[in-house]
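Each remark here refers to the structure printed beneath this line.
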Amino acid sequence: MWHIEQDGQPKGPYTDEQMKALIEAKVVRKGTLAWKQGMANWLPLSETTFALKDMAADGAAPPALATTDGGAARGTGQLVQPERLSMWRLFIRAISSRYAAFQGRAKRKEYWSFVLFYWLAMLVAGVAGAGIDYAIGNFSGDSGNRAIVAVIAFVLVLFGLLLPHLAVLVRRLHDVGLSGWLVLLNLIPYIGGIVVLVLTLLPSEANENKHGPGTIAERTGA
């Protein structure tokens, strides 16, 4: 029997046939968090063994549901262990299942993982574009020094990642107990960006706030 996450809350249990019906109705998607007995934690459905032969009798309650901030579902009164995802996987999740997720909380690792690969992606786009410009002669002859392809590639990556960048920044502010609207400080030249940078470096709130709960590691000082 399966349990799934919907709107930050665990739902279920569902049989294999019911899960197929939910998938056909597009209620459940590849990125939907799912759990069944025998799994250590919630995982995106695409990473589970969704097959009838793998079904086990449902006799246990699912673990605390991880929300968009990596904590337990709100209202459970529980603290859970923080997610053990690599920086790359945190980035991939930020640009896929959490592309425009402005609700919940984001730990410092999640935010700075995104920032690292965000700038790496723009660097790679710029370098690759410049290489193409060089190959097609944009840097020589009558064309002058016009990095046309490099600029286009850079702008595409910049705008393609703009929304998830804003989303993870808002969740980072939520994690320290602040309003996500503080991202607007970036509109203030110089000082605004510095203030936001400092805020992203603050430690997470150990206790539950209106955006979600804390984690065991934070509560115990780990």
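The values are calculated or read from the model by the stated rules, or taken from the named source; none is laboratory data. Because the structure is predicted, anything quoted here is derived from the model rather than measured. So basically every Cβ, Gly included, is an ideal-geometry build from the backbone, and we count neighbours across all protein chains shown.
Filter the stretch 81-111 down to residues that are closer than 23 Å to residue 198 by Cα, in contact (Cβ under 8 Å) with a residue 40 or more places away in the chain and of a type outside the set (Gly, Ala, Ser), then give me how many there are.
So the answer is 8.
Select from the stretch 133-189 the residues that are touching a Lys or Arg at 6+ places or on another chain (Cβ under 9 Å) and either aromatic (Phe, Trp, Tyr) or surrounded by fewer than 16 Cβ atoms within 10 Å (Cβ to Cβ) (or both) and list them in ascending order.
Hits for the stretch 133-189 are 139, 177.
Inspect all residues belonging to the stretch 146-168 and state whether any of them is at pLDDT below 90, farther than 30 Å from residue 210 by Cβ and not hydrophobic (A, V, I, L, M, F, W, C).
The answer is yes; a qualifying residue exists.
Scan the stretch 202-210 and tell me whether some residue there is closer than 16 Å to residue 112 by Cβ, surrounded by 14 or more Cβ atoms within 10 Å (Cβ to Cβ) and at pLDDT 90 or above.
yes
I'm trying to understand the selection: among the residues of the stretch 78-96, which are at pLDDT 90 or above, over 14 Å from residue 160 (Cα atoms) and touching a Leu at 6+ places or on another chain (Cβ under 9 Å)?
Once the filter is applied, which keeps residues that are at pLDDT 90 or above, over 14 Å from residue 160 (Cα atoms) and touching a Leu at 6+ places or on another chain (Cβ under 9 Å), the stretch 78-96 yields 87, 93.
Name the single residue that is farthest from residue 46 (Cα to Cα) among those in the stretch 83-119 being surrounded by fewer than 15 Cβ atoms within 10 Å (Cβ to Cβ) and over 8 Å from the mean Cα position of the chain (by Cα).
Result: 119.
Of the conditions (1) over 17 Å from residue 113 (Cβ atoms); (2) in a helix (DSSP H, G or I), residue 138 clears all except one; give me its number.
Among (1) over 17 Å from residue 113 (Cβ atoms); (2) in a helix (DSSP H, G or I), residue 138 violates only (2).
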